[in-house]
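Heads up, the thing below is written out as C-alpha cells.
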Amino acid sequence: MIDYNDKCIALKVSDYRDDDRLVRVLTAEHGMASVLLRGVKKAKAKLKPFAQCFAVFDTRLTSARGAFLTPVEPMLIQDGFSLCADLKIFTAASVAAEATDLALGDDESHTDVFLEFLKLIKSLRSDGDPYYQAAVYMTRLLEISGFYKPYAYDDEPATPVRLLGYAQKHGHEKRNDADLSRRALKYICGEFERAFETGLKSAQSIDLYA
C-alpha cells in the first residue's frame, strides 16, 4: 500500500473513463506519480482546479491497489489558469513538463527538479519571454540529469548558444528578445532529444507561437 503526504505539480492531464481525469504529477519528495481524480468532469466537482496543468497543490496520496494514486483532502497552493490561458506560455511550460516526465523515473526523489520547476512557474508569470524561461529550466534539467554542457557566454548574446550560456550564468532574469529565445529553446530541446534519445512532441509547437 502507498500512503504519503507531498507537494505536487500537475505536468500532464488526460481524460480517463467518463467522468475522471488522470494527472501526471511531479512530487517534491517521491518523484513522478499518476494521480486519478474521480468525477472531476462533473459540473460541480470540487477537484476541478487540481485537474489543470501546472496547478500546485499539497495532498496526501494513497493507493491500496492499482497503478494510480488517489488524493485525500488536497489543498490548492496555486492554480494553473494563467499559464494555460496564453498559448505561448502554455507551450513553454508544456515543453518543460514533457521533458521532465521523460527525464525522471517514478518513485525517485527529485526535490531539486521540483524546486527548479517552481522557479519556472514563477518566472512564467513575469514579463520576460516564456521561451527564454523554459530554456533556462531545460539547461538545469539536463545538468541535474547528468548531461551538463557549458555553453559559450556573452553579456549581449546574439546567437542561441550564447543565450544558453547567458541562461546558465544569470538564470531566470527578464529577457524579451523573442526570436533569439525561440531559437535557443529549440536548440536546447534538440540537445535533450539527443541525450535521452526521444522526441519532444510539445517542441513542435514552438514556432506556432513565436
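The values are calculated or read from the model by the stated rules, or taken from the named source; none is laboratory data. Model, not experiment: these values are computed from the prediction. Methodologically, a virtual Cβ is constructed for each residue, glycine included, from the backbone with ideal geometry; neighbour enumeration extends over all protein chains shown.
For first residues located in the range 152-174 and touching a residue at least 60 places away in the same chain (Cβ under 8 Å), partners that are β-branched (Val, Ile, Thr) and assigned to a loop (DSSP other than H, G, I, E, B) and lie 6+ apart or on another chain with Cβ distances below 9 Å do not occur.
Only a single criterion out of (1) in contact with a Leu (Cβ under 6 Å, 6 or more places away or on another chain); (2) not in a helix (DSSP H, G or I) is not satisfied by Gln133, namely (2). Just so you know, in the range 29-39 the residues that are of a type outside the set (S, T, N, Q) and surrounded by fewer than 19 Cβ atoms within 10 Å (Cβ to Cβ) include one that is nearest to Ala55 (Cα to Cα), and it is Leu36. Answer yes if at least one residue in the range 76-85 is free of Cβ contacts under 8 Å to residues at least 60 places away in the same chain, part of a strand (DSSP E or B) and surrounded by fewer than 17 Cβ atoms within 10 Å (Cβ to Cβ), and no otherwise. Looking through the range 76-85, at least one residue is free of Cβ contacts under 8 Å to residues at least 60 places away in the same chain, part of a strand (DSSP E or B) and surrounded by fewer than 17 Cβ atoms within 10 Å (Cβ to Cβ).
Are any of the residues in the range 118-128 assigned to a loop (DSSP other than H, G, I, E, B), of a type in the set (D, E, K, R) and either buried (at least 17 other Cβ atoms within 10 Å of the Cβ) or over 18 Å from the mean Cα position of the chain (by Cα) (or both)? Looking through the range 118-128, at least one residue is assigned to a loop (DSSP other than H, G, I, E, B), of a type in the set (D, E, K, R) and either buried (at least 17 other Cβ atoms within 10 Å of the Cβ) or over 18 Å from the mean Cα position of the chain (by Cα) (or both). Taking (1) under 15 Å from the mean Cα position of the chain (by Cα); (2) outside the structural domain of Ala28 (by TED's automatic domain parsing); (3) of a type outside the set (A, V, I, L, M, F, W, C) in turn, Gln52 satisfies each apart from (2).
Residue pairs whose Cβ atoms lie under 8 Å apart, sitting 6 or more positions apart in sequence or on different chains, and linking a residue in the range 107-125 that is in contact (Cβ under 8 Å) with a residue 12 or more places away in the chain to a partner that is surrounded by fewer than 17 Cβ atoms within 10 Å (Cβ to Cβ) and assigned to a helix (DSSP H, G or I), are His110/Ile144; Asp112/Ile144; Val113/Ile144; Glu116/Ile144; Arg125/Ser82. Among the residues of the range 159-210, those that are farther than 17 Å from Asp127 by Cα and charged (D, E, K, R) comprise Arg162, Lys169, Arg183, Lys186, Glu191, Glu193, Arg194, Glu197, Lys201, Asp207.
Here is the figure for the range 161-189: residues that are within 14 Å of Lys149 (Cα to Cα) and touching a helix residue (DSSP H, G or I) at 6+ places or on another chain (Cβ under 8 Å) total 8.
If you go through the range 23-65 and keep only what is among the β-branched types (Val, Ile, Thr) and either in contact with a Gly (Cβ under 8 Å, 6 or more places away or on another chain) or assigned to a strand (DSSP E or B) (or both), you end up with Val23, Val25, Thr27, Val35, Val56, Thr59, Thr62. Selection of the range 86-105 for residues being more than 12 Å from the chain's Cα centre (by Cα) and either surrounded by 11 or more Cβ atoms within 10 Å (Cβ to Cβ) or of a type in the set (Ser, Thr, Tyr) (or both) yields Asp86, Leu87, Lys88. Scanning the range 97-123 for residues that are closer than 21 Å to Ala203 by Cα and acidic (Asp, Glu) yields Glu98, Asp101, Glu116.
Output the residues belonging to the range 165-194 that are surrounded by 15 or more Cβ atoms within 10 Å (Cβ to Cβ) and of a type in the set (Gly, Ala, Ser). Listed by number, the residues that qualify are Gly165, Ala167, Gly171, Ser181, Ala184.
Every residue, every condition in (1) part of a loop (DSSP other than H, G, I, E, B); (2) within 25 Å of Leu115 (Cα to Cα); (3) outside the structural domain of Leu102 (by TED's automatic domain parsing); (4) touching a strand residue (DSSP E or B) at 6+ places or on another chain (Cβ under 6 Å), yes or no:
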{"position": "Phe147", "(1), (2), (3), (4)": "yes, yes, no, no"}
{"position": "Leu163", "(1), (2), (3), (4)": "no, yes, no, no"}
{"position": "Lys169", "(1), (2), (3), (4)": "no, yes, no, no"}
{"position": "Arg183", "(1), (2), (3), (4)": "no, no, no, no"}
{"position": "Tyr187", "(1), (2), (3), (4)": "no, yes, no, no"}
{"position": "Ala195", "(1), (2), (3), (4)": "no, yes, no, no"}
{"position": "Thr198", "(1), (2), (3), (4)": "yes, yes, no, no"}
